[in-house]
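**Student:** Shown below is the structure under consideration.
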Amino acid sequence: MAVHDDCKLKFMELKAKRTHRFIVYKIEEKQKEVIVEKLGEPTETYEDFTSSLPAEECRYAVFDFDFVTEENVQKSRIFFIAWSPDTAKVRSKMIYASSKDRFKRELDGIQVELQATDPTEMGLDVFKSRVNL
Amino acid sequence: MAQLAETYACVPSTERGRGILISGDPKSNSILYTNGRSVLIRYLDRPLEVRVYGEHAYPATVARYSPNGEWIASADVSGTVRIWGTHNDFVLKKEFRVLTGRIDDLQWSPDGERIVASGEGKGKSLVRAFMWDSGTNVGEFDGHSKRVLSCAFKPTRPFRIVTCGEDFLVNFYEGPPFKFKLSHRDHSNFVNCIRFSPDGKRFITVSSDKKGIIYDAKTGDIIGELSPEDGHKGSIYAISWSPDSKQVLTVSADKSAKIWEISEDNKGTVKKTLACPGSGGVDDMLVGCLWQNDHIVTISLGGTIYLYSASDLAKAPLPLSGHMKNINSLAVLKGDPKVILSSSYDGLLVKWVQGIGYYGKLERKVVSQIKCFAAVEEEIVSSGFDNKVWRVSFKGDQCGDGDCIDIGNQPKDLSIALLSPDLALVSIETGVILLRGAKVVSTINLGFPVTACTIAPKGNEAIVGGQDGKLHVYSITGDTLNEEAVLEKHRGAITAIRYSPDVSMFASADSNREAVVWDCATREVKLKNMLYHTARINCLAWSPDSSSVATGSLDTCVIVYEVDKPASSRVTIKGAHLGGVYGLAFTDEQNVVSSGEDACIRVWKLTPQ
């Protein structure tokens, strides 16, 4: 499975310059390649992110999650989300699952990984509970 | 956020032909008993406050406070004893596998260092005494050949342990380390209970042969007996001493409790007989008792707890009751929102009043098992495991004569049109049946396996859910159903469908953990992604103003969603009922009532976030 250079470049920008809130990746079947499908502005929120994930298709996504710890320190974590809804086609789920590891290794600097099979599994409370692990 | 406001506790589980042993703590004025896998702590002066310990993996049998009131040791049918703290969230201290079979009785030594447990098991292990913190054995207990029903620890030094059982024997052990000393075979039937007096001078055994025998505590010799004059006419199941060691309370299968005065020369004479205030059926046989401070507690086979005052025996007792088995349905009467009706599958219908608790049992003329029931104002429609649907009118606590309708198939779900209660819809394996009054109006074969159904309050529309997850909407004209639409969204068999009180929406839930709110007029999805449960959803309820929906599931949680807000802003009540939530209802905008497999009903107060 090839990874388009753009994917890595945009990820570096998110990590270093904070120019994106989130990136949604899609596997293009014809070119057998992972490409960037959507970029989110830093001003966009979690709600915009969830609405850019299709309800019946798989995607990979990277989300920059900002939060405040108990000691009132502003922190952020980079989440990798493997979005694999129950209602998606089995073939699609298989392709995304088998290429996930290789793709993740190309993105250096992911702090937390999450797999979501329905919207409840990537709710804000799930994000908050995963920041400390 | 949701807070527990009230708990209507279950009653002790009882078994015909056997007594149950309850215990208590005189300092905190509480009693301990078991039901299913839970151990319940109830406060005698605050019956609405109940604490439940649900950590046993097997049905629990007996629980006891340690002499200092800090620990509780509870035992179950697998032979395991768990010792846990009374405060601090019931933190577990130790767990021991004591016997190979069920444990029937458990006692602490007066210094709180040793525990003796008796019951049944394979081979020799019928009684064991061990140190409470290390589990090391403190004696050899042979001498019994059958199930040991009760054991007792002498409350003063020198320590003695006495046991009694189904082999009619009463055994006396000296120690520590405890060794067999002597045995008595004076009873001619099962010896049910054995107890030392609090001053440590005597102990008494009571048996199914209706006799009670008094022994000397230090030597184990027989010194007297309970006078057969005016004695019990049935098996005596349990005995409890008064705190001053001068009187004993016995309860028996002859439905009465007797208070005996034990004289200095060790003869027991009946001082007072407390007849059971019930109607005198089998359920009124008394199987358990406890004398604590000024309270006398007796428990009947039907699970009713009667609280008497020891100083004023002529006063009528306070009855506390509840369910013993899984409560599978709840209904809140629309007229008076503070009355809650609950039914359990053994056919018991109980009326509760918010703020007061147990109000009364609805006496039905025919006692049959209930699977689902619906209540409207003065009428109850229920169905059980026989092919009949009962329509019973009720006023106050009495049920009138019911009409029984034989529908020919086992009903799976039941719904009444709230505004015209004459009309009821019953779903069966292959279709639905329309009932008007007491007559079957039509039986409609729908061609797909039906799992849940509901009928609109006006009786003009019905929704039927199938095994495949499809919702079929029908309009009712006269006696026939015309299919209007088929809605597909659920990915599992539909388990519950409910119209909102303002009839603008309806909610459906399936066995695949998902619930959906639909708009009635457009039949479009209004609120989705209600997927927060982790197991099958059992029940659904709407709040009276149609703004919130609550779902209860097998995963023991109740989740309340607001229809105007996204599903992620929900209120979760975790661990509402051990074993699963089976019944749900709203009493008003802020209060939700839930019932479950643990036979308890809980009222939760919702505070807006």
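Values quoted throughout were computed directly from the atomic coordinates according to the rules given, and no laboratory measurement underlies them. Not measured: the values here are computed from a predicted model. We place every Cβ from the backbone using ideal geometry, glycine too, and count neighbours over all the protein chains shown.
**Student:** Using alpha-carbon pairs under 8 Å, 6+ residues apart, how would you state the relative contact order of the range B:1-83 in percent?
**Tutor:** With pairs under 8 Å counted, the relative contact order is 22 percent.
**Student:** OK, next. Which FRET efficiency, nearest 0.05, do residue A:95 and residue B:429 yield, Cβ-Cβ r, R0 30 Å? Write out the running numbers ahead of the final one.
**Tutor:** On the way: r = 42 Å, r/R0 = 1.39.
Given R0 = 30 Å and the Cβ-Cβ separation, E is 0.10.
**Student:** For the range A:43-133, what proportion of DSSP beta bridges, expressed in % and rounded to the nearest 5, is antiparallel? It would help to have the intermediate numbers written out before the result.
**Tutor:** Values: 10 of 15 bridges.
Just about 65 percent of them are antiparallel.
**Student:** Could you tell me which of rounded, prolate or oblate describes chain B, using a ≥ b ≥ c as the square roots of the eigenvalues of the alpha-carbon gyration tensor, with rounded for a/c under 1.5 and, failing that, prolate when a/b is larger than b/c and oblate otherwise?
**Tutor:** In terms of gyration-tensor shape, prolate.
**Student:** Also: Hey, got a sec? Which trypsin sites (Lys or Arg not before Pro) in the range B:258-311 land in a DSSP loop and have at most 16 other Cβ atoms within 10 Å?
**Tutor:** Answer in residue order: B:267.
**Student:** In nm, to one decimal, how far is the modelled label at residue B:221 from the one at residue A:38, with both set 7 Å along Cα→Cβ?
**Tutor:** Simple spin-label model gives 9.4 nm for this pair.
**Student:** Two decimals, Cα atoms only, Kirkwood Rh: what is Rg/Rh over the range B:380-420?
**Tutor:** Looking at the range B:380-420, the ratio lands at 1.00.
**Student:** Taking only C-alpha pairs under 8 Å that are 6+ residues apart, what is the relative contact order of the range A:4-133 in percent?
**Tutor:** 20 percent.
**Student:** How many lysine pairs are close in the range B:409-566, with Cα atoms under 18 Å apart and the two 8 or more places apart or on different chains?
**Tutor:** Lysine pairs meeting the criterion: 8.
**Student:** Please give the residues of the range B:482-504, grouped as numeric ranges, whose backbone N is less than 17 Å from a label point set 7 Å along the Cα-to-Cβ vector of residue B:521.
**Tutor:** Of the residues in the range B:482-504, B:500-504 have backbone N under 17 Å from the label point off residue B:521.
**Student:** Could I ask something else about it? Write out the trypsin sites (Lys or Arg not before Pro) in the range B:52-139 meeting two conditions: DSSP loop, and at most 15 other Cβ atoms within 10 Å of their Cβ.
**Tutor:** B:122, B:124
**Student:** Now a separate question. I want the local charge near residue B:250. Using Cβ-Cβ distances under 14 Å, sum +1 for each Lys or Arg and -1 for each Asp or Glu among the other residues.
**Tutor:** Numbers: positive: B:195, B:210, B:211, B:233, B:255, B:258, B:271, B:272; negative: B:209, B:225, B:230, B:254, B:261.
Charge balance near residue B:250 sits at +3.
**Student:** If you don't mind, there's one more thing I want to ask. With a Förster radius of 45 Å, plug the Cβ-Cβ distance of residue B:401 and residue B:314 into 1/(1 + (r/R0)^6) and report the FRET value to the nearest 0.05.
**Tutor:** On the way: r = 36 Å, r/R0 = 0.81.
Given R0 = 45 Å and the Cβ-Cβ separation, E is 0.80.
**Student:** Another question, if that's okay. Among all the lysines, which ones have a C-alpha under 28 Å from residue B:181's C-alpha, if same-chain residues fewer than 8 places away are not counted?
**Tutor:** Cα-Cα hits under 28 Å: B:122, B:124, B:146, B:154, B:201, B:210, B:211, B:218, B:246, B:267.
**Student:** If you don't mind, there's one more thing I want to ask. Can you give the FRET efficiency for residue A:29 and residue B:131, using 1/(1 + (r/R0)^6), R0 = 60 Å, r = Cβ-Cβ distance, to the nearest 0.05?
**Tutor:** 0.30
**Student:** Residue A:104: which lysines have alpha carbons under 30 Å from its alpha carbon, excluding same-chain residues fewer than 8 sequence positions away?
**Tutor:** The reachable lysines, counting only those whose Cα sits under 30 Å from residue A:104, are A:8, A:10, A:15, A:17, A:26, A:30, A:32, A:38, A:75, A:89, A:93, A:128.
**Student:** Residues of the range B:11-28 with amide nitrogen under 17 Å from the 7 Å Cα-to-Cβ point of residue B:367?
**Tutor:** B:11-18
**Student:** Moving on. Could I have the simple spin-label model distance between residue A:74 and residue A:111, label points 7 Å from Cα toward Cβ, reported in nm to one decimal?
**Tutor:** 1.4 nm
**Student:** Taking all pairs of different Cα atoms in the range B:343-394, averaging 1/r and flipping that mean, what Kirkwood radius in angstroms comes out?
**Tutor:** One over the average 1/r among Cα pairs gives 11.5 Å for the range B:343-394.
**Student:** Indicate, rounded to the nearest 5 percent, the antiparallel portion of the DSSP beta bridges found entirely in the protein assembly as shown.
**Tutor:** Counting DSSP beta bridges with both partners in the protein assembly as shown, the antiparallel share is about 95 percent.
**Student:** Can you give the Rg and Dmax of the range B:143-298 based on its C-alpha atoms, in angstrom?
**Tutor:** My reading of the Cα-based Rg and Dmax gives 14.8, 50 Å.
**Student:** Related question: With every atom except the alpha carbons ignored, what do you get for Rg and Dmax of the range A:1-63, in angstroms?
**Tutor:** Reported Rg and Dmax, both Å: 11.8, 33.
**Student:** Moving on. Over the range B:226-363, what is the mean sequence separation of C-alpha contacts under 8 Å (at least six apart), divided by residue count, expressed as relative contact order in percent? Before the final figure, lay out each step's value.
**Tutor:** Values: 299 pairs, mean separation 18.3, N = 138.
For the range B:226-363, the relative contact order is 13 percent.
**Student:** Compute the distance in nm between two label points, each set 7 Å from the Cα along the Cα-to-Cβ direction, one at residue B:16 and one at residue B:488.
**Tutor:** Reported label-point gap for residue B:16 and residue B:488 is 5.2 nm.
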